[in-house]
Amino acid sequence: MLLPAKAEVARQLRRYRAWERVMLAAPNDRTVRTTFEDSGYTLCVLMGKRCAREAADAAERYLRTNQITYLQEQQVTCRQEQNERPRPATAVRRRPPAAERRYPAGR
């Protein structure tokens, strides 16, 4: 898994937090809200999260830790997400059994 540069994560996190403060001060300003949402989206893409708050939390954890710890955390999260996925009820066979396969003449 590729990790973003810590400098870029820090820059985007500062941008997100700054626009969050501005948006809380002027919640009815559409331009401010749009810019805040854009900064949240950028942070989501950078951190691989679906929610801006999760992305901000992940960015803060990433900046506090070294890369190896962050990779281990991401692997645990990935395994947890895989365990939560629904499993198919039955296995699907892709090919007929070996006894039923037909080969071209000469084999």
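Read the figures in this text as sums done on the coordinates, not as results from a lab. Just so you know, these numbers come straight off a predicted model, no measurement behind them. Positions of Cβ are backbone-derived with ideal geometry, glycine not excepted, and every protein chain shown enters the neighbour counts.
Set the Förster radius R0 to 25 Å, insert the Cβ-Cβ distance between Glu54 and Ala18 as r into 1/(1 + (r/R0)^6), and round the FRET efficiency to 0.05. Show your work: numbers first, answer last.
Values: r = 19 Å, r/R0 = 0.76.
So the FRET efficiency works out to roughly 0.85.
Each peptide in 4-12, 33-41 was scored by the mean count of other Cβ atoms within 10 Å over its residues; highest first, the order is 33-41, 4-12. Stretched out straight at 0.36 nm per residue, the stretch from Thr34 to Glu8 would grow longer than its current Cα-Cα span by 7.3 nm.
Extent of segment 24-63 along its three principal axes (Cα atoms, max minus min coordinate, largest first): 32, 17, 13 Å.
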